[in-house]
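Below you'll find the structure, written out as structure tokens, and then a few comments.
Derivation of every value follows stated rules applied to the coordinates shown; laboratory data play no part. Since we're looking at a predicted model, the values are computed, not measured.
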Amino acid sequence: MPILKEALIVAGYKPFRHHEVVCDNTGYQKVFRGAAGEKLYFVNVYLWYFAKHFPGRGGSEVSVSCEAKLYLPEGNPLVSSAGFELSMGLDDRATIYAMEAFYAKAFAALDCVPDLHNND
């Protein structure tokens, strides 16, 4: 069963205005925090209604993509302090839990640090 907006809202995602008509001008965002309450990263989810906007295209009624901006420690030679985005399209069998677990594992495995620009 595909991820739907009602399930995202129940899971703590907040809708925000997005520029893409194909996703009904809405994205969904949730912040993930560390043990001390610091913001580690945000996950954005987009529900793409291609069948609605492009009749006859075929495929799923709703396609789902997600992204998170992650940060490496200051001075890391790979990326700037602007961080990097990790985005993916999700399979129809994907769950919110599996998506969130993927980003949590990526954060830990890549030795990421809390969001460098959104912590007070």
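The table for this structure:
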{"read-out": "Reachable lysines from Lys30, criterion Cα separation under 16 angstrom, eight or more residues apart if same chain", "value": "Lys5, Lys14, Lys39, Lys69"}
{"read-out": "Angle between the chain longest axis and helix 96-109 axis [Cα atoms, degrees, rounded to 10]", "value": "30 degrees"}
{"read-out": "Unit Cα scatterers, Debye sum, the stretch 47-118: log10 I(q)/I(0) for q = 0.16, 0.27, 0.28 Å⁻¹", "value": "-0.68, -1.20, -1.25"}
{"read-out": "Global size of the chain as Cα Rg and Dmax, reported in angstrom", "value": "15.6, 50"}
{"read-out": "Cut-off under 5 Å, modelled amide H: who pairs with Tyr13 long-range", "value": "none"}
{"read-out": "Helix-derived mean residue ellipticity, 222 nm - over the chain, DSSP H n ≥ 4, -39500 (n - 2.57), to 500", "value": "-5500 deg cm²/dmol"}
